[in-house]
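K.L.:
Dropping a structure here in structure tokens format, bear with me for questions.
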Amino acid sequence: MSTPRLAVLVSGRGSNLGAILEAAAAGALNLEPALVLSNVAGAPALERARAAGVPTAVVSHRDHADRAAFEAALDAALDAAGARFIALAGFMRVLTAAFVDRHAGRLVNIHPSLLPAWPGLDTHARVLAAGERWHGASVHFVTAQVDGGPVIAQVRVPVLSGDTADALAARVLAGEHRLYPAVLSWLGSGRLALRDGQVWMD
Ligand code: GRF
């Protein structure tokens, strides 16, 4: 069987994308990065993709009248790339239930918290303000509930005394860069699946 193709959707910096592309180059991803798609034309992530020789596309939400039209354009690009799996990596658009359902079990996201704790934005500052002892990141299947889909795996890091939001974010991010390629490699090998809304590992 040929290696399934992966599309990575990005909006910004692309450090998780970088970790994914490194794993692919090392032969450790079990997926072929076939497309890096951004909704932001100037996203630094696109430069990382080009440097790695991975095809890129820009589909701006601003060029489309509504979410359905934007997502139809996303689907056209994903189909053209033959993408079987889709990894959201700092993709800053909320996807509709229709899109998420079309790609159920093939669409994953990384979120910088120990879900179900701290969905949403600015997790590091909120975790610090709440006096939490532990923080981390989660990879989950995407459902229509933002940051609410079934969690596949997590990485946990301590909150240290004197932490700033930036220091904590950097500690979490280092964990993200180990976690995301590992989870994607399980998807690629077929060990991991979503069945009846539940995470299954063989
Ligand atoms: C990461 O913290 C990820 O968990 C969140 O957005 C950030 C993206 O960072 N979804 P990068 O673009 O991968 O560097």
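The values are calculated or read from the model by the stated rules, or taken from the named source; none is laboratory data. Given the structure is predicted, the values throughout are model-derived calculations rather than measurements. So basically every Cβ, Gly included, is an ideal-geometry build from the backbone, and we count neighbours across all protein chains shown. Ligands, DNA and RNA are excluded from the accessible area calculation, which covers all protein heavy atoms including side chains. Shrake-Rupley method; radii C 1.70, N 1.55, O 1.52, S 1.80 Å.
K.L.:
Would you mind finding the one in Leu88, Leu107 that is within 14 Å of the chain's Cα centre (by Cα), without any contact (Cβ under 8 Å) to a residue 40 or more places away in the chain and surrounded by 18 or more Cβ atoms within 10 Å (Cβ to Cβ)?
P.N.:
Within the list Leu88, Leu107, the selection yields Leu107.
K.L.:
Is there a residue in the range 184-197 that is open to solvent by 20 Å² or more (accessible area, probe 1.4 Å) and closer than 22 Å to Gly14 by Cα?
P.N.:
Scanning the range 184-197, I find at least one residue that is open to solvent by 20 Å² or more (accessible area, probe 1.4 Å) and closer than 22 Å to Gly14 by Cα, so the answer is yes.
K.L.:
Regarding the range 59-68, can at least one residue be identified that is out of contact with any Asp or Glu (no Cβ under 9 Å at 6 or more places or on another chain), within 16 Å of the ligand (Cβ to nearest atom) and over 25 Å from Ser2 (Cα atoms)?
P.N.:
Among the residues of the range 59-68, not one is out of contact with any Asp or Glu (no Cβ under 9 Å at 6 or more places or on another chain), within 16 Å of the ligand (Cβ to nearest atom) and over 25 Å from Ser2 (Cα atoms), which makes the answer no.
K.L.:
Please enumerate the residues belonging to the range 1-29 that are within 13 Å of Val183 (Cα to Cα), open to solvent by less than 10 Å² (accessible area, probe 1.4 Å) and within 11 Å of the ligand (Cβ to nearest atom).
P.N.:
Ile20
K.L.:
Now a separate question. Is it true that some residue in the range 86-97 is touching a His at 6+ places or on another chain (Cβ under 8 Å) and within 11 Å of the ligand (Cβ to nearest atom)?
P.N.:
Within the range 86-97, not a single residue is touching a His at 6+ places or on another chain (Cβ under 8 Å) and within 11 Å of the ligand (Cβ to nearest atom).
K.L.:
Moving on to the next point. Taking into account only those residues within the range 110-127 that are of a type in the set (Gly, Ala, Ser) and surrounded by fewer than 16 Cβ atoms within 10 Å (Cβ to Cβ), which is farthest from Ala45 (Cα to Cα)?
P.N.:
Ala117
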